[in-house]
Amino acid sequence: MTVESLAAKHSLALAQRRNNVSLNRYSGRFAPSPTGPLHFGSLITAVASYCDAKAHHGQWIVRIEDTDIPRIYPNSEQHILQCLDAFEFESDVEIIYQKERLDIYDNVIQQLKQTNLVYACECTRKMLGSNHVYVGTCREKHLNFQDQAIRLKVSDALICFEDRLQGQHCSNLQRDLGDFVLKRRDGIINYQLAVVVDDYLQGITHVVRGADLLDNTERQIWLGQCLGYPQLNYMHLPLAMNDQGQKLSKQNLAQALDIQHAPQLLRQAILTLGQLPIDLDQPHKMLAQAVAQWDIQRIPKGTQIQGTFQ
Ligand code: GLU
């Protein structure tokens, strides 16, 4: 049986109903990983995802993506919550923490095992070397799942989606990436799995996030197809770059958002997104004005915004 037909069969078997989720209503989210304090780039994502959801009369949800326990940075979860408070963002449902949902992801892996869409892989990073495409070394080895990484089979087909800002984006996962890991050998659930499962279970319809995640999208679409989930709408925002041309990131030691300057930073983020100026006031009023003026046509084109952001 081909991987495609397995996926199609599986998706029928798995099409589950979600509770309390209206499928027609726009539902967006902001899903930071607490691997460092929030920085100006994170604020841009928060503002854009919030304004786009609210301008569509939709709901906006905050989710903390903390499955990668070894990479969690001390106090960054707390900093995220402090920032949400200071910038007066309010999640429309209770914030969820992925590290409390590991049994849900394991269940999904069980379902994928039953339909033979995943397999155990014993390859170490060292064995894979500098090879960026996994060639399926363990696909036919039928190893026991105990203490091994778990990989999802991908197909030799082009997956394309139409990004609301970046236009059409395509990838042939088998050629560009190969079968990819859903659960690591050390038991850590991979971001790709957690994000797809939670977007589905939370009824997310629209994803607004940084263009650094553009290349992950086909993987997530494929996994969603394997699980019978509906495809989402995507908008990948240009990334704010620092004066050395690097994207703002925790690795580049981007400055933590200073909650003492929330209104000024908020205004700067809204302007960076190309939106009309807003009056400097309390953050919730500023956000309301930004929502009323929200226009994605004004967002700078491309995947980068040059600037002197820190
Ligand atoms: N948790 C991811 C991050 O902080 C974002 C996930 C997503 O928006 O899909 O980079």
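The values are calculated or read from the model by the stated rules, or taken from the named source; none is laboratory data. Here the structure is a predicted model, which means the values were calculated and not measured. Reconstructed Cβ throughout: ideal geometry from the backbone, glycine too, with neighbour counts over all protein chains shown. In case anyone asks, the SASA skips ligands and DNA or RNA and just uses the protein heavy atoms, side chains included. Shrake-Rupley method; radii C 1.70, N 1.55, O 1.52, S 1.80 Å.
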For the chain, the accessible surface attributable to carbon and sulfur atoms (probe 1.4 angstrom, ligands and nucleic acids excluded) amounts in percent to 48 percent
Here Rg/Rh (Cα, Kirkwood) for the chain equals 0.97
Share (percent) of C-alpha pair distances in region 23-132 greater than 24 Å works out to 44 percent
Charge dipole of the chain built from unit charges on the beta carbon (Lys, Arg +1; Asp, Glu -1), centred at mean Cα; most positive-end Cα among ILE221, PRO238, GLN268 is ILE221
The answer for ILE159, listing residues at least 5 apart or on another chain whose modeled amide H is closer than 5 Å to its amide H, is SER171, ASN172, LEU173
With the dipole of region 148-209 defined by +1 on each Lys or Arg Cβ and -1 on each Asp or Glu Cβ, the option from GLN202, ILE150, GLY178 whose Cα lies farthest towards the positive pole is ILE150
Across PRO34, PRO263, PRO74, the residue with the highest GNM fluctuation in the chain (Cα network, 10 Å cutoff) is PRO74
Note to self: with every protein chain in place and a 1.4 Å probe, the chain gives an accessible area per residue in Å² of 48 Å²
Helix 217-226: inclination vs the chain longest Cα principal axis, degrees, rounded to 10, gives 50 degrees
CD proxy, 222 nm, the chain: helix-only mean residue ellipticity via -39,500 (n - 2.57) per DSSP H run with n ≥ 4, per residue, nearest 500, stands at -10000 deg cm²/dmol
Note: CYS160 to LEU271 extended length (0.36 nm per residue) minus current alpha-carbon separation gives 36.9 nm
Once ASP212 and ASN75 are pulled to full extension, the length gained, defined as 0.36 nm per residue separation minus their Cα-Cα distance, is 46.9 nm
per DSSP, antiparallel bridges as share of beta bridges in the chain, % nearest 5, sits at 50 percent
Against the 2.2 N^0.38 Å rule of thumb, the C-alpha Rg of region 176-310 sits at a ratio of 1.25
Among region 220-245, those whose backbone N falls under 20 Å of a label point 7 Å along Cα→Cβ from GLN168 are 220-222, 231-236
By the rule of no other cysteine beta carbon under 4.7 Å, the lone cysteines of the chain are CYS51, CYS83, CYS123, CYS226
Toy charge model, Lys and Arg Cβ at +1, Asp and Glu Cβ at -1: region 124-223 dipole around Cα centroid in debye, rounded to 20, equals 440 debye
The size of the Cβ-based charge dipole (Lys, Arg +1; Asp, Glu -1) of the chain about the Cα centre, to the nearest 20 debye, is 680 debye
